[in-house]
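Participant: I'd like to ask some things about the structure below.
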Amino acid sequence: MASGTIHDALRLAQASLFATSPNPRVGCVLTDAGGALLGQGHTQQAGGAHAEIMALRDAAAKGNAVQGATAWVTLEPCSHHGRTGPCCDALIASGIARVVASIADPNPQVAGQGFERLRAAGVQVETGPGAAESRELNIGFFSRMLRKTPWVRMKIAASLDGKTALDNGASQWITSEVARADGHAWRARACAVLTGIGTVLQDDPRLDVRLVSSPRQPHAVVVDSRLDTPLDAKILQPGRRLFIYTAVQDAGRQAALEARGATVIALPGPGGKVDLAAMLTDLARREVNELHVEAGFKLNGSLVREGLVDEFLVYLAPKLLGQGQGMASFGPLTALAQAVPLEFRSTQAVGPDLRLLARIPGRDTF
């Protein structure tokens, strides 16, 4: 972990975890020549002020002049007009003398141009401190900008012997209430939550954030090859964006679902199924950074088989279910060398359960 004021800026960025999507999570700290704090802030919800603007406002509210100050920021100040104006121009106008930024912005509309504009105005620019932490905090944003697909995180709740449901489909609840609340926190940080039509028909989930406080709800996504989503499904919530990906053209059914607020996208693939890779590309175009998957073993298996999952968020309950449905149905493999390789990134007890975060090696080297 980086030390000093970049550490403080990273802490602020972390505080914006649930709020900023589809914008990156950024923190900014302003200090004088002696290192005294002048102002601080983090990026607000999309359309709101960025971290640098919030820090400048905070300094002004405290009566602190920032002429000659240093801005410690976890991502390159933006240089383009998007939902807000360029942050690099605001820093220049404020009289800031120095900017220490963790990492360049991967957005092609920025990508070093913010640094160039600052230097051209005589502002000293340094980069590097906290780069790994800032990139990891914004792994979905970097993925969307550089790979043109979201960062795909598959959440699975299972027994110790790897069962996610009984043979009859019963799965509520294998893990504890504490683990479910923790899972909602991971939903809250995502831009969208994806499931399959099987889960919609079996469990009728809302897939929203209820068990933790969040200023925004992630979009919902359903993979529904034949447009079987019931018009009274709980996932069709007023005011929440729902994308239904299908493999069929059914104007009447599409119109009925869209009348309920859904957006229906036909992306047919082989075998009458949805083209899942094309779906990810389309979701990136719709500004989805992190895609949180909570689906059944069949759709999970399809995503794994096609190499579309980046990491796995697995909650293991201290119980055995014996026969039942597994985590992901793919294969069969004919040799152990064909196994999907993973590396554990973290393990943590969550109530009586165990949370594992495992990543496919090399998926984050874009």
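The values are calculated or read from the model by the stated rules, or taken from the named source; none is laboratory data. The model shown is predicted, which means the values in this text are computed figures rather than measured ones. Ideal geometry is used to build each Cβ from the backbone, glycine not excepted, and the neighbour counts take in all protein chains shown. Remember, those area values only see protein heavy atoms, side chains included, never the ligands or the DNA or RNA. Shrake-Rupley method; radii C 1.70, N 1.55, O 1.52, S 1.80 Å.
Participant: I need every pair where a residue in the stretch 322-348 that is among the β-branched types (Val, Ile, Thr) has its Cβ under 8 Å from the Cβ of a residue that is open to solvent by less than 90 Å² (accessible area, probe 1.4 Å), sequence separation at least 6 or different chains.
Facilitator: Short answer, once both residue conditions are applied: Val340/Val304; Val340/Ile360; Thr347/Leu354; Thr347/Arg355; Thr347/Leu356; Thr347/Leu357.
Participant: Out of all the residues in the stretch 244-265, which are more than 18 Å from Thr149 (Cα to Cα), surrounded by 13 or more Cβ atoms within 10 Å (Cβ to Cβ) and of a type in the set (A, V, I, L, M, F, W, C)?
Facilitator: Correct list: Ala247, Val248, Ala256, Leu257, Ala262, Val264.
Participant: Output the residue which, of all residues in the stretch 34-47 that are out of contact with any Lys or Arg (no Cβ under 8 Å at 6 or more places or on another chain) and surrounded by 14 or more Cβ atoms within 10 Å (Cβ to Cβ), is nearest to Ala19 (Cα to Cα).
Facilitator: Gln44
Participant: Give the residue, chosen from Ala46, Ala59, that is touching a Leu at 6+ places or on another chain (Cβ under 6 Å), farther than 20 Å from Val125 by Cα and in contact (Cβ under 8 Å) with a residue 12 or more places away in the chain.
Facilitator: Ala59
Participant: Restricted to the stretch 99-123, and to residues that are open to solvent by 60 Å² or more (accessible area, probe 1.4 Å) and farther than 19 Å from Asn138 by Cα, which residue is nearest to the chain's Cα centre (by Cα)?
Facilitator: Gln113
Participant: If Lys148 satisfies every condition in (1) assigned to a loop (DSSP other than H, G, I, E, B); (2) of a type outside the set (A, V, I, L, M, F, W, C); (3) modelled with pLDDT of 95 or more; (4) open to solvent by less than 50 Å² (accessible area, probe 1.4 Å) but one, which is the exception?
Facilitator: Every listed condition holds for Lys148 apart from (4).
Participant: For Pro86, are the conditions met, namely being under 23 Å from the mean Cα position of the chain (by Cα) and either farther than 19 Å from Arg11 by Cβ or surrounded by 24 or more Cβ atoms within 10 Å (Cβ to Cβ) (or both)?
Facilitator: It is false that Pro86 is under 23 Å from the mean Cα position of the chain (by Cα) and either farther than 19 Å from Arg11 by Cβ or surrounded by 24 or more Cβ atoms within 10 Å (Cβ to Cβ) (or both).
Participant: Cβ contacts < 6 Å: first residue more than 22 Å from Gly326 (Cα to Cα) and touching a residue at least 24 places away in the same chain (Cβ under 8 Å), restricted to the stretch 167-189; second residue open to solvent by less than 50 Å² (accessible area, probe 1.4 Å) and among the polar types (S, T, N, Q), any location; separation 6+ or different chain. Result?
Facilitator: Ala188/Ser214
Participant: Which residue, of Arg216, Arg180, Arg210, is of a type in the set (Lys, Arg), under 27 Å from Val350 (Cβ atoms) and part of a helix (DSSP H, G or I)?
Facilitator: Arg180
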